[in-house]
Amino acid sequence: MSKLTLLPVPEIMKFLNLDDRDENMVTLLSLSVSIEIEKYTHRILINRIKSEYQDGHNSDALYLLDYPVSEFNLLQIRSRRDLQYRSIDPTLYSLTPLPGESDQPIELTLLPGYTFPRGSNNIRISYTAGYTDETMPEDLKTAFCEIITWMLGRLKARQIGIDLLKSSSSQNSTLMYSKEIPEHARTILNSYRRKSY
């Protein structure tokens, strides 16, 4: 089974010094907070295979959308006259930095003389992005656990009848955009937001 949360529940329980009574609540919170953090940062943070489609602009380079990248699997291109994507030989392009070498976005560059043909979604890329349990940065773990603690406190307060939850002015706003999120956690998460190129 693939990993679904930024940290395994037993590690969260240990990190927060919680007993077994809170395990079910922490399990649910860890799933929802992990999803919200990935939405907020606009990145894959939990290690998994990603397939993405990009538009060709007659250039020789493009950036992979998610990072860090631990493994690059496939580059395929579809020309205007082809219905099928065709795999591109790995000797015809380079990756900078190489997968597993950096937490920064990877640039995929074709050899001199080659360009990505113009087209909509005519480039298909497959790679493994995100952090494993071993590579998850400590500050990201801390931010994740701070938000879990904050949410757990809010839920426990509701259980004993103290209503700390205020309706937001925008009912559509997500958890990470709430003004009540711990500021330290938000600052850390801001440093993980997707860089644009």
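Numerical summary
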quantity: For Leu6, distant residues with modelled amide H under 5 Å away; calculated: Ser34
quantity: Principal axis box of the stretch 48-129, alpha-carbon based, largest edge first, Å; calculated: 36, 27, 19
quantity: The chain: most fluctuating residue of Gln84, Gln104, Gln54 per GNM, C-alpha cutoff 10 Å; calculated: Gln84
quantity: Per-residue ³J(HN,Hα) for the stretch 33-40, Karplus 6.51 cos²θ - 1.76 cosθ + 1.60, θ = phi - 60°, Hz, x for Gly and Pro; calculated: 5, 4, 4, 5, 5, 5, 5, 5
quantity: Listed candidates (i) 49, 38, 38; (ii) 121, 60, 22; (iii) 67, 37, 28 - label of the one calculated as Cα extents along the principal axes in Å; calculated: (iii)
quantity: Too-long pairs where the Cα-Cα distance tops 19 Å, listed order kept, from Lys50/Lys141; Lys14/Lys50; Lys3/Lys39; calculated: Lys50/Lys141; Lys14/Lys50
quantity: Counting DSSP beta bridges with both ends in the chain, the antiparallel % (nearest 5); calculated: 95 percent
quantity: Extended-chain gain in nm, criterion 0.36 nm per residue less alpha-carbon gap, Ser51 and Ser126; calculated: 26.6 nm
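We did not get these values from a lab; they are worked out from the coordinates using the rules stated. Owing to the predicted nature of the structure, the values given are computational and were not obtained by experimental measurement.
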